[in-house]
Amino acid sequence: MSAGKKFREALAEETPLQIVGTINAYQALQATKVGYKAIYLSGGGIANASYGLPDLGMTMIEDVCIDIRRVTSICDTPLIVDADTGWGHAFNVARTVKEFIRSGAAGLHIEDQVAAKRCGHRPNKELVSTEEMCDRIRAAVDAKNQLDPDFYIIARTDAHASEGQEAAVARALAYVEAGADAIFAEAVHTLKEYKEFTDQMSVPVLANITEFGATPMFTTEELGQVGIEMVLYPLSAFRAMNKAALTVYQDLREKGTQEGTLELMQTRMELYDMLGYHDYEQKMDSLFAQGKSK
């Protein structure tokens, strides 16, 4: 079964489907063990965590594919990936889709910002025309049909902040007509506005419930009541990791011991259990024993 097919099955099994951000392979294992049916790789997260850069479109396709492969090589939970603006014109978008599929992703979202993009919850975002975004979507759909027709194409519109709700819905309708499997309505403010999207779309709508952004922290129950079928939490665990790590660094520097922050830390045995460390160790011992017996 392809990764895209697995994602579609997850979407059919859970409504709204919680899609949780996993910044690396280890977090993907954690999310899978907790029971999430779909996981996510944030473009901003890759820029921040893997390259120490802000989310301003400075990472490239192979930078993202490296992290996709790291996650999908160790975890088969379907992975949705942030493709920013697709890294160029139609042929670049097509290449992005194919490389993501080859790297093991289940789907992606592509947005209607200009190439010099900004975080979806920051001001002064500039958008391409509706027709240019539709060209991106058509290129993505054509490319996925060559490798995995079930690969999931989500069209993100950032129009709500700069053009208003009516324009954002109109853009989303055009993106569905161009072939998008779902709509990502970015930086929406109210449940009423989400319902205006879901009432008019013939495809699922995704709500991005990122912390400290423009969208309130609606619950899955509230979002489900207005027809949202996917809820994204792109960087929740990453933010918690960052805060905990900084606390440990500061405390250790000031006190010369980490004793005061042990409660923030995962134990060695908890790490080993998550990784299946002892299974690996037993396998290694078994292989070495076979070699010695010959």
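The values are calculated or read from the model by the stated rules, or taken from the named source; none is laboratory data. Everything numeric in this text was worked out from a predicted model, so none of it was measured. Note that we place each Cβ from the backbone using ideal geometry, even for glycine, and neighbour counts take in every protein chain shown. Quick note on the areas: whole protein, heavy atoms, side chains included, nothing else; ligands and nucleic acids left out. Shrake-Rupley method; radii C 1.70, N 1.55, O 1.52, S 1.80 Å.
For the reader, a short list of remarks on this structure follows.
- Relative contact order computed over region 1-142 (Cα-Cα under 8 Å; 6+ residues apart), in percent: 24 percent
- Karplus-derived 3J(HN,Hα), 6.51/-1.76/1.60, for each residue of region 18-27, Hz, glycine and proline x: 7, 10, 9, x, 10, 6, 7, 5, 5, 5
- Expected-Rg normalisation [2.2 N^0.38 Å, Cα atoms] applied to region 1-78: 1.13
- Ratio Rg/Rh, restricted to region 47-156 and using Cα atoms, in which Rh is the Kirkwood radius: 0.95
- Of every Cα-Cα pair in the chain, the percent that sits beyond 28 Å: 40 percent
- Loop-located GluC sites (Glu not before Pro) in region 192-225, at most 14 other Cβ atoms within 10 Å (DSSP): E211
- Pairwise centroid distance, computed over Cα atoms, of region 1-49 with region 127-193, Å: 20 Å
- Per residue, the chain exposes an accessible area of 50 Å² to a 1.4 Å probe, with every protein chain left in place.
- Carbon and sulfur %, accessible surface of region 1-134 computed with the full protein complex present, 1.4 Å: 52 percent
- Comparing region 198-294 with the 2.2 N^0.38 Å rule of thumb, its C-alpha radius of gyration ratio is 1.83 (two decimals).
- When the surface is traced with a 1.4 Å probe over the full set of protein chains, D181 keeps roughly 30 Å² accessible.
- Kirkwood Rh and Cα Rg combined as Rg over Rh, evaluated for region 123-232: 0.97
- Taking every C-alpha pair closer than 8 Å and separated by at least 6 residues, the mean separation divided by the residue count of region 59-181 gives a relative contact order of 25 percent.
- Rounded to the nearest 10 Å², the accessible area of H278 at probe 1.4 Å: 70 Å²
- Whichever aspartates and glutamates have a C-alpha closer than 20 Å to that of K195, once near sequence neighbours (fewer than 8 apart) are set aside: E14, D158, E163, E166, E177, D181, E186, E221, E222, E229
- Percent breakdown of C-alpha pair distances by 10 Å bin, ordered from the shortest bin, for region 164-216: 26, 56, 17, 1
- In units of the compact-protein estimate 2.2 N^0.38 Å, region 135-200 shows a Cα radius of gyration of 1.17.
- Taking the chain and dividing mean pair separation by its residue count, relative contact order in percent (alpha carbons under 8 Å, at least six apart): 18 percent
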